[in-house]
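A short worksheet on the structure shown next.
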Amino acid sequence: MGALRDTFDSVAAVYEAVRPDYPEQLFDTLVDAAGLSVGDRLVEIGCATGKATVPLARRGFRITGVEIGPRMVAAARRALAGFPAVTIVESAFEDWRPPAGHRFDLVFAATAWHWLDPATRYGHAFELLRPGGHLATWSAGHVFPDGGDPFFADIQEIYDEIGEGMKEGEKQWRPGELPDGRAEVEASGLFDTVTVRHFDWEISYTAEEYLKLLDTFSGHIAMRPWQRDRLYGEIRRRLALRPDGRLRRHWGAVLHVARRRNTPEIGL
């Protein structure tokens, strides 16, 4: 998993251009659920190019973004240059430690939490937070609404052909039905779940815009050249047959906001 995580750094410029922005309502819900106030201290895990950092910086928080990839770090520093209260640190989150005595009001991860070791990630976040501080996590994924674009069902035959079809047990989730991590949060013994909220939105892509998006997904980055050539060629061909040459992709995210327990209950 570490090798796949590191591949994102090679596509930092494309990542910034094509990865979706998160809905503003998500950030409003996060701020309200965590009881944040202007000037509070935040730590972001895996800030990448700052997609989630910028909206919170605009709301007046002091943020430390921790990012392992040097190209991502450079892109994030450019994106956050206008916010003097934001610092971007080049480090794996697992290795990073704040200055002595620093504790934070919120630790958050936007489409990055799943890269961390489940055995240690809650403990590290717990250590960084002040008593009563909060942990927030969410990921952006593909959802499939009724009446959604049939392109994705049709193109599955090409994924199957190149050996990259859906794995056993994989599911195409509907909006509002993405699985949440409530049980895992509570099982850590370190946090109580405060809020779990679903958000859904739609983005339209040309063929080239969509292929650039695929170039930021770890599974597509790791494909062999012949697999990518076959898949991308077929995507171009099929979209060229559409009058507008575009597809519609629906995104979904599940926001989790959890409060740090004052007394850990490990093993309960």
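The values are calculated or read from the model by the stated rules, or taken from the named source; none is laboratory data. Note that the structure is a prediction, hence the values are computed from the model and not measured. With ideal geometry, Cβ positions are generated from the backbone for all residues, glycine too; neighbour counts draw on all protein chains shown.
Odds and ends about this structure:
- Test: PHE199 is in contact with a Gly (Cβ under 8 Å, 6 or more places away or on another chain), closer than 29 Å to ARG121 by Cα and either in contact (Cβ under 8 Å) with a residue 40 or more places away in the chain or not small (Gly, Ala, Ser) (or both): yes
- Checked against the criterion of being hydroxyl-bearing (Ser, Thr, Tyr), within 24 Å of the chain's Cα centre (by Cα) and at pLDDT below 95, segment 133-145 contains one or more residues that satisfy it.
- Among the residues making up segment 181-239, those that are of a type in the set (D, E, K, R), modelled with pLDDT under 95 and not in a helix (DSSP H, G or I) are ASP192, ASP215.
- Test for ARG174: is it outside any helix (DSSP H, G or I) and either buried (at least 16 other Cβ atoms within 10 Å of the Cβ) or in contact (Cβ under 8 Å) with a residue 60 or more places away in the chain (or both): no
- Cβ separations smaller than 6 Å between residues 6+ apart or across chains give the following pairs from segment 129-142 residues that are surrounded by fewer than 24 Cβ atoms within 10 Å (Cβ to Cβ) to residues that are among the charged types (D, E, K, R) and outside any strand (DSSP E or B): ARG130/ARG103.
- Annotation note: of PHE93, PHE108, the sole residue that is within 18 Å of the chain's Cα centre (by Cα) and part of a loop (DSSP other than H, G, I, E, B) is PHE93.
- Every residue from segment 50-71 that is within 20 Å of LEU255 (Cα to Cα) and in a loop (DSSP other than H, G, I, E, B): GLY50, LYS51, ALA52, ARG59, PHE61
- When segment 42-75 is limited to residues that are touching a Pro at 6+ places or on another chain (Cβ under 9 Å) and farther than 14 Å from TRP113 by Cβ, the one that is surrounded by the most Cβ atoms within 10 Å (Cβ to Cβ) turns out to be THR64.
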